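Throughout, read-outs are computed from the coordinates displayed, never taken from laboratory work. Since we're looking at a predicted model, the values are computed, not measured. Cβ placement follows ideal geometry from the backbone for every residue including glycine, while neighbour counts extend to all protein chains displayed.
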Amino acid sequence: MDGYKRDAIAGPRWGLRRGGRLVRRLAVVLLLLVPVAAAGRDLTGTESETIIVLTSFPAGFYEPVREAFERAHPDRHLRVINTKTTAAITRLQDREGEGVDVFWASAPDAFEVLKAAGLLSPIASRPTGAPSTIGNQPVDDPDGTYLGFALSGYGLVWDQSYLDRHGIAAPRGWEDLRRPGYARHLGITAPSRSGTMHLMVETVLQLQGWERGWATWLEIAGNLATVTARSYGVVEGVAKGRFGIGLAIDFLGQTAGQSAEQRPAEQGPPEQGPEVEEKPVAAGGLRFAYPADSVFLPASVAILRGAPNPAGANVFVDFLLSQAGQRLMLRPDIGRLPVRPDSYADAPAGYPNPYERETGDDLFLFDRGLSSRRYELVNLLFDELITFRVKTLNRVWQLIHEGETRLAATPDPVARDLLRAARKAATAVPVSAAQAADPAFSAALRRPARGMPVSARQGELEAEWRRFSKDRLEAALSASERALVILRVAAGEGGWP
């Protein structure tokens, strides 16, 4: 498993016990067999209409929204089913989500996957005053199947006291995370476990291009301390000192350990230039930063085709995009960026306003269609190349970085060529950019429902990628070890073995 405890994560590919899996699967089926638009009773004994919402948002986010919605609409009850974005997509694709009215999540490419499968109903836009785009990114689906209700940025969260203890400079962007000084100080989650992490991976792949983007992620992976089971585990790991720096969506970073009184942002440019917008997020020293090339994307809401209660679903969407619903986003325990520009008049001092800051390259347009076509491909590749290879990647990049440092002090053409070969092998990806863009190539790839086998074609591809990763990392280890022997001998640190 190479540094990743599969049995610590619920899912078909990580050794979940069959008994527990069967019980949970039956529980979901029984839940969804309940007539979802049937009448229930509220606390006053009045009959209420139920709206079923499937979401990846944590309870700390959706419970305040649910409570406020039910206060505003006492004749309606919101029943929330919480699961990871990737699991929600599988559930809806496999029709286990029949009976669900609303899908509510951060990742726009997840909505594109569902739209392509014909699972979303047309939805009318609401008058929010929001522009049609933010940093060239559409706020609402141009095809009219989902609406943005909040904006999300992605970036870096770190514990300043941890960095001070280890003598590490605060990161200023994605490229910083490739540096050898961050070795074993980083934490991420797998994109197959988190829609927000998938967006971060895909954004870098689109910003830098397929091959260069994977080279970036593979070198960052050499500095990983761990891959957590869920997005929340990244911020928790930083807060508990398991590692110093994590990759996270802004609302997780900005609300982690937040004190009752938000402290104002520190003044003055960072040491290496004004490359990030930094905000203190906790009394214990946590910081969150948007890298300069960050992209704001909408968190969205959609009504499912065949929803048993479309009228109630529309009432919920109306509430989310109303002034009252948008003000909820500013609560310290929620910490989201409202899509309504007028909501920021009520925001506390120092609260990020995406409408008043540059959002990286405004010429860059996140291609939601491309992301949805290769959604499962990226997730599966990341697991085979990175998630299951952390310890080996740690060793490979430790040797490459040490060799490159020594080479700068003691140039040697043979060692130079060996280190170039090692780097090339360590950053290779077994799927070309053309294959990744071809819908036919990814057609057979799916995250299977719990307990179900993958297709024969998917099994073949995963085995091929596994062999590819193993072979390339072994080649990188061999070349970098040989280069280090040459450089150590040249530096007078020993003789030939």
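Side notes on the structure shown:
- Other-chain or far-sequence residues with amide H under 5 Å of THR133's (modelled H): VAL139
- Shown in residue order for segment 430-435 are the 3J(HN,Hα) couplings computed by the Karplus curve 6.51 cos²θ - 1.76 cosθ + 1.60 at θ = phi - 60°: x, 10, 7, 4, 5, 5 Hz (x for Gly and Pro).
- Once backbone amide H atoms are built at 1.01 Å from N, SER152 has LEU297, ALA299 as its partners under 5 Å, excluding neighbours fewer than 5 places away on the same chain.
- Burial ranking of peptide ranges 229-240, 71-82, 135-146 (average Cβ count within 10 Å, highest at the top): 229-240, 135-146, 71-82
- Relative contact order computed over segment 356-497 (Cα-Cα under 8 Å; 6+ residues apart), in percent: 38
- Note on ALA463 and ARG327: the model spin-label points, each 7 Å out from Cα along the C-beta direction, lie 6.1 nm apart.
- Cα-based convex hull, segment 113-183, per residue volume (Å³, whole number): 162
- Loop-located GluC sites (Glu not before Pro) in segment 319-388 (DSSP state other than H, G, I, E, B) with a sparse environment of at most 13 neighbouring Cβ atoms within 10 Å: GLU358.
- Sites GLU474 and ILE81, calculated FRET efficiency, Cβ-Cβ separation with R0 51 Å, nearest 0.05: 0.70
- Global geometry of segment 437-497, whether rounded, prolate or oblate, following the gyration tensor of its Cα atoms and the 1.5 cut on a/c: prolate
- Hz values of 3J(HN,Hα) by residue in segment 239-245 - Karplus curve (6.51, -1.76, 1.60), Gly and Pro given as x: 4, 8, x, 5, 7, x, 9
- Relative to the compact-globule estimate of 2.2 N^0.38 Å, the Cα radius of gyration of segment 368-497 comes out at 1.34.
- Karplus-derived 3J(HN,Hα), 6.51/-1.76/1.60, for each residue of segment 387-400, Hz, glycine and proline x: 3, 8, 10, 4, 5, 5, 4, 3, 5, 4, 6, 4, 5, 4
- Evaluated at q = 0.15, 0.29 Å⁻¹, the base-10 log of the normalised Debye intensity for segment 120-161, with identical point scatterers placed on the Cα atoms, takes the values -0.48, -1.13.
- Amide H contacts of LEU286: GLN160, VAL281, each under 5 Å away and 5 or more positions distant or on a separate chain (H built 1.01 Å from N in the peptide plane; Pro and chain starts excluded).
- Label zone at THR405 (point 7 Å along Cα-to-Cβ), backbone N below 19 Å, segment 461-497: 477, 480-494
- FRET efficiency, 1/(1 + (r/R0)^6) with R0 45 Å, evaluated for ARG420 and ASP318 via beta carbons: 0.15
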